[in-house]
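First comes the structure, then the notes that go with it.
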Amino acid sequence: MSSTSERWFGAGHSTAADSAKAGAEAAAAAIAGRTPAAVFVFTSGGHDPAAMEVAVRELVRAEASGAVVVTGTGFGELSPAGATEHGVAVAAFGGPGFTVRAHTADVGALGARAAGAEAATAMTEMMAEVDAHHSVLLLLADGEALGPHEIVRGAYSVVGAAVPLVGGLTTGGSGRVVGVAIGSDRPIGIGVAHGWRPAEPPLVVTRATGGRIYEFDGEPALDVLLRRRGVTGTAADLFQGGVELCPVGLARRTGLDIRSLHGGDDEERSVFGTAEIQQGALVWLMEAERDELVAGGPAALRAAVDGLQGAEPLGALAFDCGGRKLTLGEDGTAAEVAAMRAALGRPFAGFYTLGEIARIRGAAGLHQLTLVALALA
């Protein structure tokens, strides 16, 4: 746990088999008898997230205390205790100067953009109540719903450029997006890092629709990737049945945003991923050694702490990509968490996502194969 002048941040972790017990154990460790403003419950397959959230709400007496409790499911969870699957990691914070509000929207009923906008009303509600010097909108959105980039755009349409966005895309098909508005009288820092580096030369996306690319530089996209990767055969050979990911860097004014291609069509010679890559975009194939990817985790935390303007960090939330976890393997993931623990020296908790959200400048904010960190002071 960590505290400064009665403000605090705690993290807990449990691998108990029973969902309610695991949630209560991890939450009790994170809260340590204090009254939280917010509790984030991160879990993965094999657990009942609803039962877990009920147990946590009962523990913190959420209805009476006004604590915001939200749950996100992914490909695993991480904290200073390590990275696990089928466990739970909990982050909680509280103390004077924090204000937290949450709003949930149904993606299926509203559509992606409208759901993002609806979830973002958590921020307008909070701003109507308090004059927070620093604020951020955290989004936990169903990553299996269509148009996750539209969710981010919808949220941006409500909060505008002055409010940064962070968060992650969840697994489990919840069909919802949860917006959590966090206000603070002290700085809030956001860090984004991945460890990938571009391989020259770049490619122009000459034909694409949504997340499917048909042509690079006027050639069939699958043929280009097979040649550039030195693979002979089919899309299944290139992507190894979805196990092997192909990261590409999408040119932005602030650098390269990572997108993940994970499949192809041998008949139409296209390749595809879950995130939109627009026709006309300039992209690079990305590559990295294991140590470079491991370094991405602590780099994101350090960048988030740098955003605190010299204030002492209490702790951090971490949104790491499930694709990075797959690429790093068990040993690499353990090395990354150990490096994060050493770099921050404070509690942190998070989960392995279907995609990461970080919008600091501009309207775009969806990332893949990246780690996004939110640091509080």
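Restricting the range 64-78 to residues that are at pLDDT 95 or above and over 17 Å from the mean Cα position of the chain (by Cα), which is farthest from Gly329 (Cα to Cα)?
Applying the filter and picking the extreme gives Ala67.
List the strands (runs of 3 or more DSSP E) that sit entirely inside the range 1-57 and contain at least 2 residues that are modelled with pLDDT under 95.
Correct list: 2-4.
If you take the residues of the range 322-335 that are within 18 Å of the chain's Cα centre (by Cα) and touching a residue at least 60 places away in the same chain (Cβ under 8 Å), which of them is nearest to Ala11 (Cα to Cα)?
Per the stated criteria, the residue is Thr333.
Within the set of pairs 6+ apart or on separate chains, which have a first residue in the range 276-298 that is farther than 11 Å from Gly249 by Cβ, a second that is aliphatic (A, V, I, L, M) and loosely packed, with under 13 Cβ neighbours inside 10 Å, and C-beta atoms under 8 Å apart?
Close Cβ pairs (under 8 Å, with a partner that is aliphatic (A, V, I, L, M) and loosely packed, with under 13 Cβ neighbours inside 10 Å) amount to Pro298/Ala342.
Can you find even one residue in the range 366-373 that is touching a residue at least 60 places away in the same chain (Cβ under 8 Å) and within 25 Å of Thr99 (Cα to Cα)?
The answer is yes; a qualifying residue exists.
What residue, of Leu261, Leu301, is in contact (Cβ under 8 Å) with a residue 40 or more places away in the chain, under 25 Å from Thr73 (Cβ atoms) and touching a Cys at 6+ places or on another chain (Cβ under 6 Å)?
On inspection, the qualifying residue turns out to be Leu261.
Determine whether the range 62-72 contains at least one residue that is closer than 18 Å to Gly167 by Cα and either without any contact (Cβ under 8 Å) to a residue 12 or more places away in the chain or assigned to a loop (DSSP other than H, G, I, E, B) (or both).
No, that holds for no residue.
So which of Glu289, Glu356 is charged (D, E, K, R), in contact with a Cys (Cβ under 8 Å, 6 or more places away or on another chain) and farther than 21 Å from Ala29 by Cα?
Step by step, each of Glu289, Glu356 is checked, and only Glu356 is charged (D, E, K, R), in contact with a Cys (Cβ under 8 Å, 6 or more places away or on another chain) and farther than 21 Å from Ala29 by Cα.
Only residues that are more than 27 Å from Leu169 (Cα to Cα) and of a type in the set (Phe, Trp, Tyr): list them for the range 179-227, please.
Phe216
Restricting attention to the range 68-85, which residues are among the hydroxyl-bearing types (Ser, Thr, Tyr) and under 15 Å from Gly46 (Cα atoms)?
Thr71, Thr73, Thr84
Determine whether the range 225-233 contains at least one residue that is modelled with pLDDT of 95 or more, surrounded by 19 or more Cβ atoms within 10 Å (Cβ to Cβ) and out of contact with any helix residue (DSSP H, G or I) (no Cβ under 8 Å at 6 or more places or on another chain).
Within the range 225-233, not a single residue is modelled with pLDDT of 95 or more, surrounded by 19 or more Cβ atoms within 10 Å (Cβ to Cβ) and out of contact with any helix residue (DSSP H, G or I) (no Cβ under 8 Å at 6 or more places or on another chain).
From the list Leu110, Leu169, Leu165, Leu137, exactly one residue is more than 27 Å from Ala377 (Cα to Cα) and assigned by TED's automatic domain parsing to the domain that holds Leu344. Which is it?
Leu110
Being part of a strand (DSSP E or B), at pLDDT 95 or above and under 14 Å from Trp284 (Cβ atoms): is that true of Ala251 here?
Here the answer is no, as Ala251 does not meet what is asked.
With the checklist (1) under 18 Å from Leu376 (Cα atoms); (2) surrounded by fewer than 22 Cβ atoms within 10 Å (Cβ to Cβ); (3) not acidic (Asp, Glu) in hand, flag the one item Ala81 doesn't pass.
So the condition that Ala81 fails would be (1).
Just for strands (runs of 3 or more DSSP E) wholly inside the range 151-221: which have at least 2 residues that are closer than 22 Å to Pro36 by Cβ and at pLDDT 95 or above?
165-170, 176-184, 188-193
For the range 209-224, how many residues are in contact with a Phe, Trp or Tyr (Cβ under 8 Å, 6 or more places away or on another chain) and either under 15 Å from Ser260 (Cα atoms) or of a type in the set (D, E, K, R) (or both)?
4
Could you please let me know if Arg361 is of a type in the set (Lys, Arg), surrounded by fewer than 24 Cβ atoms within 10 Å (Cβ to Cβ) and touching a residue at least 24 places away in the same chain (Cβ under 8 Å)?
yes
From the list Leu203, Leu169, pick out the single residue that is farther than 30 Å from Leu374 by Cβ and touching a residue at least 12 places away in the same chain (Cβ under 8 Å).
Leu203
Kindly establish whether Ala38 is closer than 18 Å to Ala316 by Cα and not polar (S, T, N, Q).
Considered against the rule, which asks whether it is closer than 18 Å to Ala316 by Cα and not polar (S, T, N, Q), Ala38 comes out as yes.
Could you say which residue among Glu336, Glu312, Glu330 is of a type in the set (D, E, K, R), at pLDDT 95 or above and buried (at least 24 other Cβ atoms within 10 Å of the Cβ)?
Glu336
The values are calculated or read from the model by the stated rules, or taken from the named source; none is laboratory data. Please read all numbers here as calculations on a predicted model, not as lab measurements. Note that each Cβ is placed from the backbone with ideal geometry, even for glycine, and that neighbours are counted across all protein chains shown.
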